[in-house]
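Accompanying notes for the structure given below.
The numbers here are math on the coordinates, done by the rules we state, and not lab data. Note that this is a predicted model, so its numbers are computed, not measured. Heads up, the Cβs are rebuilt from the backbone with ideal geometry, glycines too, and the neighbour counts pull from every protein chain shown.
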Amino acid sequence: MPFQRRAFFICNQHGPTFVLISVHVTFPSWGLYFYHRLFNNCFMTHPLSLYRMGHFNAAHQLAISTWSMEKNLETFGKCANPNFHGHNYEVEVRVTGHVDPETGILINLKDLKAIIEREVEDRFDHKNLNLDCPEFKHKVPTVENICVVIYDILRPFIPAELDLGIKLYETPRNYAEYPARII
Ligand code: NI
């Protein structure tokens, strides 16, 4: 027996604006299987996050050159040590979006791995962030600033329709996340 259903289509192919299209569709009785296939394709719209970890070791000093050593030590603590010190940075790269229903892929992990290696690890690993990296020539290499710099470096390499988030661990207990999750 033929049956009628209201079908919603969410179109998000043209940037962040979602267009909801509602149509009445009449299915023949033998179309029940195809209706459920269509339903699943149209309603499985929850985004998914894929994560890839990166790692680099780097040295830094947190100080503002025009400040006195006392003021720098008071503000930045041990990280103001003039002879530099190192951290083992762990970077978590989050990519969020909709999985391609045909391939089951959000973003190719092989590509994401290569981008992180080339743009983050090769750039910062075993470097002195203050002396070797132009990104921090006029910016104090705090965990906050490094996190934002990594985001800005990676953003152009991630497809525009996918959301990007960076979490940077300076120690297992100190980390920054950018952009912040505003709840
Ligand atoms: Ni430090």
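I'd like to know which of Thr96, Cys133, Leu162 lies farthest towards the positive end of the charge dipole of the range 48-178, counting +1 on Cβ of Lys and Arg and -1 on Cβ of Asp and Glu.
Going by the Cα projections, it comes out as Cys133.
Going out from 0 in 5 Å bins, what whole percent of all Cα-Cα distances in the range 48-178 drops into each bin?
The distribution over the range 48-178 is 2, 10, 19, 22, 16, 11, 8, 5, 3, 1, 1, 0, 0, given as percents.
Which of Tyr169, Tyr175 comes first, and how do the rest follow, when ranked by fewest Cβ neighbours within 10 Å?
Neighbour counts put them in this order, fewest first: Tyr175, Tyr169.
Counting Lys +1, Arg +1, Asp -1, Glu -1, what net charge surrounds Asn108 among other residues with beta carbon under 15 Å of its beta carbon? Spell out each step's value before the answer.
On the way: positive: Arg52, Lys110, Lys113, Arg118; negative: Asp100, Glu102, Asp111, Glu117, Glu161.
Net of charged neighbours comes to -1.
Starting from the alpha-carbon convex hull of the range 79-126, give the projected area averaged over all orientations, in nm².
Details: hull surface 18.8 nm².
Reported value for the Cα convex hull: 4.7 nm².
Looking at this model, which pairs from Lys78/Lys113; Lys78/Lys110; Lys71/Lys113; Lys78/Lys137 are more than 30 angstrom apart at the alpha-carbon?
Lys78/Lys113; Lys78/Lys110; Lys71/Lys113
In whole Hz, with x marking every Gly and Pro, tabulate ³J(HN,Hα) for the range 156-171 from phi via Karplus 6.51 cos²θ - 1.76 cosθ + 1.60, θ = phi - 60°.
Here the 3J(HN,Hα) series is x, 8, 9, x, 4, 7, 9, 8, 10, x, 10, 10, 10, 9, 8, 9 Hz.
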